[in-house]
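Note sheet for the following structure.
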Amino acid sequence: MIRSRITDILYPAVFGIGVLILWELIVRGFGVPAVLLPAPSGIWAKLIASLPILWVDFVQTVIRAVIPGWIIGSLSGFLVALLCDRIPFLRRGLLPLGNLVAALPIVGVAPILVMWFGFDWPSKAAMVVVMTFFPMLVNAVAGLQASGHLERDLMRSYGASWWQTLVKLRLPAAMPFIFNALKINSTLAMIGAIVAEFFGTPIVGMGFRISTEVGRLGLDMVWAEIAVAAITGSAFYGLLVFLERRVTFWHPSYRK
Amino acid sequence: MSAAPAIAAKPVARESGNALPVTAVCLCILLVWYAAAIPMNWVVTGPKIEAAGGGLSGILAFSWNEARPVLPAPHQIAQELWKSVFTVAPWMPKSLLYHSWVTLSSTLLGFVLGSLLGVALAIAIVHSTFLAKSLMPWIIASQTIPILAIAPMVIVVLGSLGFTGLVPKSLISMYLCFFPVTIGMVKGLMSPETTQLDLMRTYNASTSQVLWKLRFPASVPFLFTSLKVAVAIALTGAIVGELPTGAIAGIGARLLQGSYYGQTVQIWAALFMGSFLAAALVWLVGVAERVTLRRMGVKP
């Protein structure tokens, strides 16, 4: 048990460090110019040197756009799913559309939203709301139907109201689906906010920094931004996995 | 491996007779859209309406036919689509079909490459514990990186290496769409039951025989489910790949030009065209799925 847990961490760590060392060696050995691919050590130095800029970009993109957008989008998707659950007609009408929209290239709405909500963070947050709404809607509707007939009959025989059934049976049963949507949304939110910045932004933000530094061939700065984005994304995802384990401890996939 | 990002939950079992509710919801959306166009376009149309003397007919005429609206009315988008698809020769840069083809070609190349990479990775992961343990966390982590944000860099760097046009865009599509295929295929290749694997063992089947005769056929339904997700995000990748470099052709380029010059109707038309493409691609994969499964003897 302990041994397998150690290898669970050790193998990927060894693999990752190996890739970094290989990267460094290739860049140094073949003399790859820094405008093509900077070495990991160079990226690290740049990251440390430009922490204040990175922090400002982080606040603009993540704190102002990603997190509020993710919360509003997921919450409204969930509320509409509840509404669909109460009104079957609405569910039958909205769900096929929701499935369709979930497959569409929604990032294309970005220029329209920038036009509507201006260059600053509200348009990015709106983008995130639009991107996160549909995965939550589709998953939450599926989740609310996940509880079995026997369990629902039991609640009925207790004389439980719709509200009690929801809180005590159907919401817990829907949690794996909801967390799945939250995890999908965490990556979509980062993408949405950054892509929306390509269409116009004040002079801060991760997407803005990436596109301008690419133009100036400052690739070490671009990679530093990418590192921040990757760490943020992974931490966000990891936090959700941790919460999921706490909330859905009863689920078969977590049984020892 | 609990749940994977980018793979949505399976839709709830299809209920019969969804046509009426779907039509009703669509009609509602259209109504809200037309109604919303009036207040949203007021910034642009307000002075004109007052100059023309107002009145309900004046409001409607101006709000729904503004050349540079904040929110174009649906019929304006339909007109623009009709104009740029049917009245212009498909090889002219003004034709939306031309732009669609540019985006579609890089989507398809990226989709094929990404699916092959995804299947190859899945086969490697299924056969090697070391790879499963060391690669899997990184494959998942790779998707938490907003790759679409790196797209400009990938394109500029590849461009300076001499790759321009199709290849860099399809590389972005490939990076996006290998992931659902890998996750789905690992599940699919692992899906044969222990008794079936034991049977292959009693036949003294080699690893490759087990792979081709048992694991691969068992994984086909999983493969197609992943391919549907993959083809949709491959298209998104291709569109976004066209944004940062100021590409001159493609759906993404149309979006960008529209946003530079304030051509709202053009943006919406490009958006709808992209949506049609996505729906068509997913539908095609669905058709391929049904044909393949029927050939394999699966009863519908």
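The values are calculated or read from the model by the stated rules, or taken from the named source; none is laboratory data. Model, not experiment: these values are computed from the prediction. Every residue, glycine among them, receives a Cβ derived from its backbone with ideal geometry; neighbour counts consider all protein chains shown.
Among residues belonging to segment A:198-215 that are at pLDDT below 80 and within 11 Å of another protein chain (Cβ to nearest Cβ), point out the one that is surrounded by the fewest Cβ atoms within 10 Å (Cβ to Cβ). So the residue we want is A:G215.
For every residue, the table says whether it meets (1) assigned to a helix (DSSP H, G or I); (2) over 22 Å from A:F179 (Cβ atoms); (3) without any contact (Cβ under 8 Å) to a residue 24 or more places away in the chain.
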site: A:P122; (1), (2), (3): yes, yes, yes
site: A:A126; (1), (2), (3): yes, yes, no
site: A:M131; (1), (2), (3): yes, no, no
site: A:V138; (1), (2), (3): yes, no, no
site: A:V141; (1), (2), (3): yes, no, no
site: A:E151; (1), (2), (3): yes, no, yes
site: A:R156; (1), (2), (3): yes, yes, yes
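In the set A:M115, A:M155, A:M127, which member is over 23 Å from B:G262 (Cβ atoms) and either surrounded by 24 or more Cβ atoms within 10 Å (Cβ to Cβ) or of a type in the set (A, V, I, L, M) (or both)? Matching residue, one of A:M115, A:M155, A:M127: A:M155. Of all the residues in segment A:158-189, those that are of a type in the set (S, T, N, Q), free of Cβ contacts under 8 Å to residues at least 24 places away in the same chain and either at the interface with chain B (Cβ under 10 Å from one of its Cβ atoms) or part of a helix (DSSP H, G or I) (or both) number 2. Taking residues in segment B:200-221 that are in the same structural domain as B:T182 (by TED's automatic domain parsing), and partners anywhere that are among the β-branched types (V, I, T), the pairs with Cβ atoms closer than 6 Å and at least 6 places apart or on different chains are B:M200/B:V210.
Restricting segment A:141-157 to residues that are hydrophobic (A, V, I, L, M, F, W, C) and over 30 Å from the mean Cα position of the chain (by Cα), the residue that is farthest from the other protein chains (Cβ to nearest Cβ) is A:L154.
Only helices (runs of 4 or more DSSP H) whose full extent lies in segment B:191-300 are considered here, and the ones with at least 3 residues that are within 12 Å of chain A (Cβ to nearest Cβ) are B:216-242, B:251-261, B:264-295. Answer yes if at least one residue in segment A:65-88 is at pLDDT below 85 and within 14 Å of chain B (Cβ to nearest Cβ), and no otherwise. Looking through segment A:65-88, at least one residue is at pLDDT below 85 and within 14 Å of chain B (Cβ to nearest Cβ).
Inspect segment B:111-133 for any residue being touching a residue at least 60 places away in the same chain (Cβ under 8 Å) and facing chain A (nearest Cβ under 10 Å) and give the result as yes or no. For segment B:111-133, residues touching a residue at least 60 places away in the same chain (Cβ under 8 Å) and facing chain A (nearest Cβ under 10 Å): absent.
Counting only helices (runs of 4 or more DSSP H) that sit completely within segment A:1-98, those holding 2 or more residues that are within 22 Å of the chain's Cα centre (by Cα) and farther than 30 Å from B:L131 by Cα correspond to A:51-58, A:67-86. Among the residues of segment B:252-268, none is identified as within 19 Å of B:T107 (Cβ to Cβ) and at pLDDT 85 or above. Among the residues making up segment A:1-41, those that are small (G, A, S), over 24 Å from B:P137 (Cα atoms) and exposed (fewer than 14 other Cβ atoms within 10 Å of the Cβ) are A:G29, A:G31. The sole residue among A:V195, A:V109, A:V138 that is in contact with a Gly (Cβ under 6 Å, 6 or more places away or on another chain), within 9 Å of another protein chain (Cβ to nearest Cβ) and at pLDDT below 90 is A:V138. When you look at B:K187, is it touching an Asp or Glu at 6+ places or on another chain (Cβ under 8 Å) and either of a type in the set (S, T, Y) or crowded, with 17+ Cβ neighbours inside 10 Å (or both), yes or no? For B:K187, the condition - touching an Asp or Glu at 6+ places or on another chain (Cβ under 8 Å) and either of a type in the set (S, T, Y) or crowded, with 17+ Cβ neighbours inside 10 Å (or both) - is not met.
Screening B:S142, B:S115 for residues that are hydroxyl-bearing (S, T, Y) and surrounded by 19 or more Cβ atoms within 10 Å (Cβ to Cβ) leaves exactly one candidate, B:S115.
Of the residues making up segment A:196-222, just one is touching a Pro at 6+ places or on another chain (Cβ under 9 Å) and not in a helix (DSSP H, G or I), namely A:G200.
Would a scan of segment A:228-238 turn up a residue that is part of a helix (DSSP H, G or I), more than 9 Å from chain B (Cβ to nearest Cβ), buried (at least 17 other Cβ atoms within 10 Å of the Cβ) and modelled with pLDDT of 85 or more? Yes, that holds for at least one residue. Exactly one residue among B:G250, B:G286 is surrounded by fewer than 17 Cβ atoms within 10 Å (Cβ to Cβ), in contact (Cβ under 8 Å) with a residue 12 or more places away in the chain and in contact with a helix residue (DSSP H, G or I) (Cβ under 8 Å, 6 or more places away or on another chain), and that residue is B:G286.
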